[in-house]
Amino acid sequence: MVLAIVNLVSLVLFSILCNKKYSCSSSFYKPNQIQHQMNQNEFVNLITPFKDKLFRLAKRLLVSTEEAEDATQEVLVKLWTRNESLDTYNSIEALAMTMTKNYCLDQLKSKRAGNLQIVHNNFTDREPSLQQKVEDSDSLNWVEKIINQLPEQQKLIIQMRDIEQYEFEEIAKILEMNETAVRVALSRARKTIREYMTKTHHYGIG
């Protein structure tokens, strides 16, 4: 789905090109942990449980499936280059989610700097009738469209809490926020979604 693991292993050979640094919370580290260099099979087993989560988070931010796949691949390659020190982290998944978040936000900033507008165009589709719009608003696909219009921070929190089912403490660490701020942002995001759904149902507009 995200990428073939076989392709990942071959791409790792070229990972010397991937040397950009990302900031990660010190809470991810295990103190005084002896480093261990894992082999490819160990690495594949390590990332398999959460690699799809990385892709979904990347797609939530970047919208493009192709760009999300590239982002996920980039993060996994970077993880492989750190394989000697991965045992020193409390949560490899949290580290990977943080790296994915940072990478995607960097990509968005780069596009904006180039004056390229990042807009999810789901709302530009021509729908045949008001009835069809109401039907769409009842589907998960329509909810997906609304989520993709949220501010980046709220989009991330909705993705991690309501879709990936992360605990507030984990979200706070990954996003480098306090739990109260995470809860407030989540509440605002859910309110926006509810209001948009109500508006769509009542007036047939999006």
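Computed from the coordinates by the stated procedures, all read-outs in this text should not be read as laboratory data. Note that this is a predicted model, so its numbers are computed, not measured. Here Cβ is always computed from backbone atoms with ideal geometry, including for glycine, and neighbour counts include all displayed protein chains.
Quick rundown of the values:
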read-out	value
Theoretical gain in end-to-end length, Glu195 to Ser64 [0.36 nm per residue, Cα-Cα removed]	44.5 nm
Charge tally in the Cβ shell below 13 Å around Ile163, where Lys, Arg are +1 and Asp, Glu are -1, Ile163 excluded	+3
Rough spin-label spacing in nm, given labels placed 7 Å along Cα→Cβ, for Val184 and Glu152	2.0
Out-of-range pairs (alpha-carbon distance over 24 Å; input Lys145/Lys199; Lys155/Lys191; Lys53/Lys199; Lys101/Lys145)	Lys53/Lys199
Zone of Glu84's modelled label, taken as backbone nitrogen in the stretch 35-68 under 11 Å from a point 7 Å along Cα→Cβ	35-38
Footprinting exposure proxy for Phe168, Phe55 (fewest neighbouring C-beta atoms within 10 Å first)	Phe168, Phe55
At q = 0.15, 0.21 Å⁻¹, base-10 log of I(q)/I(0) for the stretch 43-95 (Debye sum, equal scatterers on each alpha carbon)	-0.41, -0.75
